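What follows is one structure encoded as structure tokens, with my remarks underneath.
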Amino acid sequence: QACFASLVSQDYVNGTDQEEIRTGVDQCIQKFLDVARQTECFFLQKRLQLSVQKPEQVIKEDVSELRNELQRKEALIQKHLSKLRHWQQVLEDISVQHKKPAEVPQGPLAYLEQASANIPAPMKQT
């Protein structure tokens, strides 16, 4: 709050030196970082106390984190396997298509007959 207050304060809006504003903001940021370090230290101390008093709780948390990581990695593996199957199918389809031109009949008339056989019949108008 102090960081924002120094930026929107009427004192700064009414024409204060840029250096003075920068110094005030830097001081507020430094105070904020100090409070953040103190908060982190508090939680680390509580975590240490918990690990001494109830070591099984820490182990349970570690096991839970490992299970979550395994599930995430298993989902990632399944996603990659799905993509792999898709591309294997694409490659198989391409290889089948490349084998078909080898069966082209000889002679221009035979080629014309085969090409016209692949043209769909016209739809009947009703």
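Only the coordinates and a few stated rules stand behind these numbers; no lab work does. Values in this document were obtained by computation on a predicted structure and should not be read as measured data. FYI the Cβ positions are ideal-geometry reconstructions off the backbone, even for glycines, and counts take in every protein chain you see.
Once the C-beta distance of K46 and L70 is scaled by a Förster radius of 35 Å, the resulting FRET efficiency is 0.80 to the nearest 0.05. Spacing of the modelled spin labels on V63 and H86, each 7 Å from Cα toward Cβ, amounts to 3.8 nm.
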